[in-house]
Amino acid sequence: MQNTTIQIGDIQLTLEEAADTLGAIRGGKIDAVVVEGAAGHEVFTFRDASHPFRLLIEAMGEGALLTTVEGAICYQNPCFSDLVGIETSVAHTRTLADFVMPNRRAELAALLERARTASSARGTVELIGPGGRPVPVQVSVSRALLVDVDVFCVVVIDLTEPMRQEALYLAARHEIEARDRLFSVAAHELRNPLHALALQAELLQQLIDTSPLEQPLRERATRSVAMLHQQGKHLDALVGKLLDVGTIGAGRLRLIREDLDLADVVRSVLERAEDAIERSGSLVTLDLHPVRGRWDRIRIEQVVDNLVSNALKYGRGAPVHVAVAGRAATARVVVEDRGAGIPEEARERIFRPYERVSGTQHLPGLGIGLFVTAEIVKAHCGQVRVQSVPGGGSRFVVELPLDEVS
Ligand code: ADP
């Protein structure tokens, strides 16, 4: 009788154990069981619905941790272990603060405090990386309930590479800004003596006109003064371009819009470029249709002048075609040459400052004109692009909206 009672007690205990085990399995608290069978000990693992998520967290390229709301680590993924250079098992006895550089722990504490009150928080701290090296990271903390227990889900993103890139970018920017500033200052300084030279050339011409010189001498002197004028104008245009880079870099490009016919603007630019056209040996053909819009005359003249000057300069004396037409809500200027063309690799970068195509360096230029062109067109809410067949010439297309957009 007593034996039977003991046996029933054992069976009840075994049943309770089995019920507890089943409950734990259902609750996802058990990953695997070891069963002793004919073939020895066998491990049976369970793949519940959370298995794919676990895989995801383990394979993540960012650190992921589960901590108590005090910051004690319950779980960390392999990426976090790598970031701080420890074995995966080590962290379980530690807090997140143990892996943060001592001088940044107050920031972490404040971050966790914010997450405790606002349920999520984000900030940057430095971890203690392998060999004690500081590793800048972004830490995102969200508060969650895990089987009635308050926990923090923490994602840690390594910022070493993005910060390195940003530092490089900032250094490059500073350098470019310093160069632009230098150009601006130099350009301002150059303008005054240039204007004085132009004035002196005019006076010289008046002297020649009013002096009793013999004809051949008068002609020679007049030619020299004309040359002085032309070189002065060329220098002045270059100085103007440098000043534009400064203006654009400082975000000071302002448009003065007025009612214009684009065909008229192009015509007047070409009239002024008569000498340059003649010198280039290119035949310039036109197909100009009137298109009215509200644009900045001086700036649009500058755009057309840049494109036409380039077509003459890089066009190797071959014909250049300039067209203006309106299409739907857009006005279009096309400048086409039959020069060397522009390789695909350069078709975007030539619109950036100081960029030139290799093989054109023997021709004078600063690599600024197309940058200024693109900025002016952009300020008009338009766009400029180039189509080109290397060896078959280039076709620059400027599109300007007819409706005033800005
Ligand atoms: P610049 O002509 O003063 O060097 P741009 O900014 O106007 O400066 O042009 C940038 C570069 O683009 C030029 O140096 C040249 O290499 C290339 N380029 C511009 N226009 C043409 C063109 N029509 N044909 C061939 N290459 C061109």
Could you tell me whether any residue of region 193-213 is within 30 Å of V69 (Cβ to Cβ) and in contact (Cβ under 8 Å) with a residue 12 or more places away in the chain?
no
State whether one or more residues within region 265-286 are within 14 Å of L400 (Cβ to Cβ), modelled with pLDDT of 95 or more, away from the ligand (no atom under 16 Å from the Cβ) and assigned to a loop (DSSP other than H, G, I, E, B).
no
Of everything in region 60-102, what is modelled with pLDDT of 90 or more and part of a helix (DSSP H, G or I)? Give them in sequence order.
P78, C79, F80, S81, D82, L83, V84, L96, A97, D98, F99, P102
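Given region 287-406, what strands (runs of 3 or more DSSP E) lie entirely inside it while holding 3 or more residues that are more than 12 Å from the ligand (Cβ to nearest atom) and open to solvent by 30 Å² or more (accessible area, probe 1.4 Å)? Working first, answer last.
On the way: elements: 292-296, 320-327, 330-336, 383-388, 394-401.
Strands (runs of 3 or more DSSP E) meeting the threshold: 320-327.
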Among the numbered criteria (1) within 16 Å of the ligand (Cβ to nearest atom); (2) at pLDDT below 90; (3) open to solvent by 60 Å² or more (accessible area, probe 1.4 Å), which one does L238 miss?
(3)
For a quick check of your reading of the model, give me the residue pairs whose first member lies in region 155-175 and is in contact (Cβ under 8 Å) with a residue 60 or more places away in the chain, whose second is assigned to a loop (DSSP other than H, G, I, E, B), with beta-carbon atoms closer than 8 Å and at least 6 apart or on different chains.
V155/E62; V156/E62; I157/E62; D158/E62
Considering region 266-304 alone, what residues qualify as being closer than 15 Å to A237 by Cα and either in contact (Cβ under 8 Å) with a residue 60 or more places away in the chain or of a type in the set (A, V, I, L, M) (or both)?
V269, A273, A276, I298, R299, Q302, V303, V304
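Taking into account only those residues within region 149-162 that are of a type in the set (A, V, I, L, M) and at pLDDT 95 or above, which is surrounded by the most Cβ atoms within 10 Å (Cβ to Cβ)? Walk me through it before giving the result.
Narrowing region 149-162 to residues of a type in the set (A, V, I, L, M): 149, 151, 154-157, 159.
Next, only the ones that are at pLDDT 95 or above stay: 154-157, 159.
Working: V154: 23, V155: 20, V156: 25, I157: 17, L159: 15.
Filtering first and then ranking leaves V156.
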Right, R179: assigned to a loop (DSSP other than H, G, I, E, B), at pLDDT below 95, among the basic types (K, R) and open to solvent by 90 Å² or more (accessible area, probe 1.4 Å) or not?
no
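For region 180-192, give me each residue that is touching a residue at least 60 places away in the same chain (Cβ under 8 Å) and acidic (D, E).
Kept after step one, since they are touching a residue at least 60 places away in the same chain (Cβ under 8 Å), are these residues of region 180-192: 180-181, 183-184.
Within region 180-192, just D180 meets the criteria.
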Is there a residue in region 249-257 that is in a helix (DSSP H, G or I), in contact with a helix residue (DSSP H, G or I) (Cβ under 8 Å, 6 or more places away or on another chain) and in contact (Cβ under 8 Å) with a residue 24 or more places away in the chain?
yes
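Going through region 144-157 one residue at a time, which ones are under 20 Å from E58 (Cα atoms) and not small (G, A, S)?
Here is the first cut: in region 144-157, the residues under 20 Å from E58 (Cα atoms) are 144, 146, 151-157.
Correct list: L146, V151, F152, C153, V154, V155, V156, I157.
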Determine which single condition L170 fails, assuming it passes every other condition in (1) modelled with pLDDT of 95 or more; (2) loosely packed, with under 11 Cβ neighbours inside 10 Å.
(1)
For region 261-292, name all the residues that are over 20 Å from E399 (Cβ atoms) and β-branched (V, I, T).
I277, V284, T285
For region 293-316, give me each residue that is closer than 19 Å to G393 by Cβ and among the aromatic types (F, W, Y).
Y314
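The values are calculated or read from the model by the stated rules, or taken from the named source; none is laboratory data. Predicted, not measured: the structure shown is a model, and the values here were computed from it. Quick reminder, even Gly has a Cβ in these numbers, built from the backbone with ideal geometry, and neighbours come from all protein chains shown. We work out accessible area using only protein heavy atoms, side chains counted, and drop any ligands, DNA or RNA first. Shrake-Rupley method; radii C 1.70, N 1.55, O 1.52, S 1.80 Å.
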